[in-house]
There are 2 protein chains.
Amino acid sequence: MSLDGQGRTLSGAGLDKAQYRAIAAFRYELRRFLSFSEAEAASAGLPAQQHQALLAIAGHPGPEAPTVGALAEQLLIAPHTAAELVSRMVESGLLAKTASTRDRRRMELTLTERSDAILGRLTAAHLEELKILEPALAKALGRLSLGRR
Amino acid sequence: MSLDGQGRTLSGAGLDKAQYRAIAAFRYELRRFLSFSEAEAASAGLPAQQHQALLAIAGHPGPEAPTVGALAEQLLIAPHTAAELVSRMVESGLLAKTASTRDRRRMELTLTERSDAILGRLTAAHLEELKILEPALAKALGRLSLGRR
DNA sequence: GGGATATACATCGTCGTACGATATATTCCA
DNA sequence: TGGAATATATCGTACGACGATGTATATCCC
């Protein structure tokens, strides 16, 4: 590392240490939120990804039930990974999977009573926590000084 | 699900479908960013966690080099998990690990020339991408209607 | 000063889950 | 109708996080 004309600490690629700090802080805030979320899900007996699946299904836009493929798209995972996820969740009574009548390849996904209740509780907890974390998150996001480079 | 007096769609715990949509959209934006980050790191030959380790070390506040424990704290992982991560990174020439002279239990971590250059490139790419993703992220965060419940 | 206790890191076995490759079922269309 | 395309499922593999435990160094306090 070395110093440039303005006294900023530079590393190899010419980046400011203050900027690394800002980005690292942003990623730290993200981790804190994700970590909170994961811990909440775990305390409700769910792996994080299953919680996200419930949320994606409950929050799916439009009136129709989402399919395995739509879930994969929302979770940014491969379709066959979504199929495995769904299969585990059906097995543990968190999802109902019914073949679409119009296209029997498609599997329509809906929450069960139990998972609907679980998701409700988890979401309430998340909204509470986000009230607290949101300012730090927004602040860290704002501090990235995007655009003035 | 049922309809309440104002015509909002309710699920088990009394939560609005629009609210599920907002939170799901927020998590989707988060995943998009994390997925971009992971893909960038992978194209530089790094697992996501190793990229985060580099960033945490480069962005560590204060003049001293961070230790394994400090890294664990920043990454929200167990100390022994950080030790394994560091060990893999030292092995592949991404980190230098030297015992502190004042407390020889502590291992001080610094980037190598190579990893410093890699992190510089990755960070530049992230800042570019964040210019694009930040508005969507901030918007999704703002749409959570925190506080008016 | 020296034994007990605490701290920092390391090692080993295990497990969950995402993936690639591939298979099966259904639909679409020429 | 038959072949290509689409949607989901299955199987083997691998990576990394964890719990339990071990080792080295430091600190406390009588």
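Every read-out reported here was derived from the displayed coordinates using simple, explicitly stated rules and does not represent laboratory data. Model, not experiment: these values are computed from the prediction. Glycine gets a Cβ as well: all are built from the backbone with ideal geometry, and neighbour counts include every protein chain shown.
Data for the structure
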item	result
Magnitude of the charge dipole, the range A:109-149, Cβ model with Lys/Arg +1 and Asp/Glu -1, debye to 20	460 debye
Debye intensity ratio I(q)/I(0), log10, the protein assembly as shown, q values 0.07, 0.08, 0.12 Å⁻¹ (C-alpha model)	-0.33, -0.42, -0.86
Label geometry 7 Å along the beta-carbon vector: B:Pro63 inter-copy distances in nm	6.8
Percentage relative contact order, chain B, counting C-alpha pairs under 8 Å, at least six apart	23 percent
For residues of A:125-135, the mean tally of beta carbons on other chains within 10 Å	3
Separation in nanometres of the label points that stand 7 Å from Cα toward Cβ, at A:Ala42 and B:Thr81	0.7 nm
Set of aspartates and glutamates with alpha-carbon distance to A:Lys97 below 20 Å, sequence-local pairs under 8 removed	A:Glu64, A:Glu73, A:Glu84, A:Glu108, A:Glu113, A:Asp116
Average partner coverage of A:20-29, which counts Cβ from other chains inside 10 Å	6
Selected from B:Ser92, B:Ser35, B:Ser115 as most flexible by GNM, with chain B as the system and alpha-carbon contacts under 10 Å	B:Ser92
Part-to-part distance (alpha-carbon centres) for the range B:98-120 and the range A:69-128, which is given in Å	44 Å
Value of [θ]222 nm, deg cm²/dmol, for chain A, DSSP H segments ≥ 4, -39500 (n - 2.57) each, nearest 500	-20000 deg cm²/dmol
Lys, Arg +1 and Asp, Glu -1 on Cβ, resulting dipole of the range B:72-145 about Cα centre, debye, nearest 20	160 debye
Dipole of the range B:21-149 [Lys/Arg +1, Asp/Glu -1 at C-beta], most positive-end residue of B:Ser115, B:Ser92, B:Ile23	B:Ile23
Given charges at beta-carbon only (K, R positive; D, E negative), |dipole| of the protein assembly as shown in Debye	400 debye
Sites matching GluC sites (Glu not before Pro) across the range B:56-134 that sit in DSSP coil, with at most 11 neighbouring C-beta atoms within 10 Å	B:Glu64
All lysines inside 18 Å of A:Lys131 as judged from Cα atoms, apart from same-chain residues fewer than 8 positions distant	A:Lys139, B:Lys139
Compactness of chain B - radius of gyration and Dmax, Cα, Å	20.8, 69
Shortest-first nm distances, B:Ala117 label point to equivalent points in other copies (7 Å, Cα→Cβ)	6.0
Angle between chain B longest axis and helix B:113-142 axis [Cα atoms, degrees, rounded to 10]	10 degrees
